[in-house]
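The values are calculated or read from the model by the stated rules, or taken from the named source; none is laboratory data. What you are looking at is a predicted structure, and each value in this text was computed from that prediction instead of being measured. All Cβ positions, even for glycine, are placed from backbone atoms using ideal geometry, and neighbour counts span all protein chains on display.
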Amino acid sequence: MMSSLETFDAVVVGGGPAGATAAGDLAKMGHKVLLLDRAGRIKPCGGAIPPRLIKDFEIPDELLVAKARSARMISPKNNQVDIPIDGGFVGMVDRDKFDEWLRVRAANDGATRRTGIFETITRDTDGTAILHYRIHSSNRLEEDQRGAVRAKAIIGADGAKSGVGRSAIPGAKDVDYVFAYHEIVRVPDAPPQGYDGSRCDVFYQGTLSPDFYGWIFPHGNTMSIGTGSADKGFSLRKAVADLK
């Protein structure tokens, strides 16, 4: 017997930029969409948006906390190359405010928002996917609540270690990915020597990352200092401390 669960045309798991945008676009097309996001964590990210994407995705100017008009590449030998930004500038956003704005826009476009943690996918008697999730209780004495919905389509926008991917695609758990760590640091009254609040600095140096890069990106009164690596044994925190 087929279940009586609520049915959505699409369920989007993950409310970051990709998931929130997909949910909003599908809702504007007239589809019944659920946007499921676990919330509560800011992703390690420099927060840079190229000018073409600002235009294409209609990002309002008030969300931009800084405008980087050039990028400086620093080589392993400390050689520096400054590159002007085609299109004028790269917009910098604070991910906590930016991501929430995207989720609110998706809801205003007609998507249903729910806060929950993806668990697994099963199948109804007619073959339709059933997506199971849980709602984390803030009270330690209370058990998490659980929910489920039917979905004609499921979009896994839940990151490199996607739970949707691991549930639906064989071998997805073995995909390589980069670990990242960053800190948001207030710009001191006397900015450090060489710091430019209108420039993104990118470091290709093994001491800061053996296989990725480190960054210092301007965010107005603050800056994003971070790095990433696929090497689990590499100390991202130490690298960021060295960058600071």
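Of the residues making up the range 188-214, those that are among the small types (G, A, S) and within 20 Å of L64 (Cα to Cα) are G197, S198. Note on the range 61-89: residues that are closer than 20 Å to F212 by Cα, of a type outside the set (V, I, T) and surrounded by 10 or more Cβ atoms within 10 Å (Cβ to Cβ) total 7. Restricting attention to the range 72-89, the residues that are assigned to a strand (DSSP E or B), under 24 Å from the mean Cα position of the chain (by Cα) and at pLDDT below 95 add up to 0. The residues of the range 213-240 that are under 20 Å from the mean Cα position of the chain (by Cα), modelled with pLDDT of 95 or more and assigned to a loop (DSSP other than H, G, I, E, B) amount to a single one, Y213. For the range 26-46, filtering for residues that are buried (at least 16 other Cβ atoms within 10 Å of the Cβ) and farther than 14 Å from E100 by Cα leaves 9.
Restricting the range 95-116 to residues that are in contact with a strand residue (DSSP E or B) (Cβ under 6 Å, 6 or more places away or on another chain) and surrounded by 19 or more Cβ atoms within 10 Å (Cβ to Cβ) leaves a set whose member that is nearest to G19 (Cα to Cα) is A106. For the list (1) assigned to a strand (DSSP E or B); (2) without any contact (Cβ under 8 Å) to a residue 40 or more places away in the chain, I need the number of the one condition that I155 fails. Status for I155: all satisfied but (2).
The residues on offer are E119, E100, and the sole one that is in a strand (DSSP E or B) and of a type in the set (D, E) is E119.
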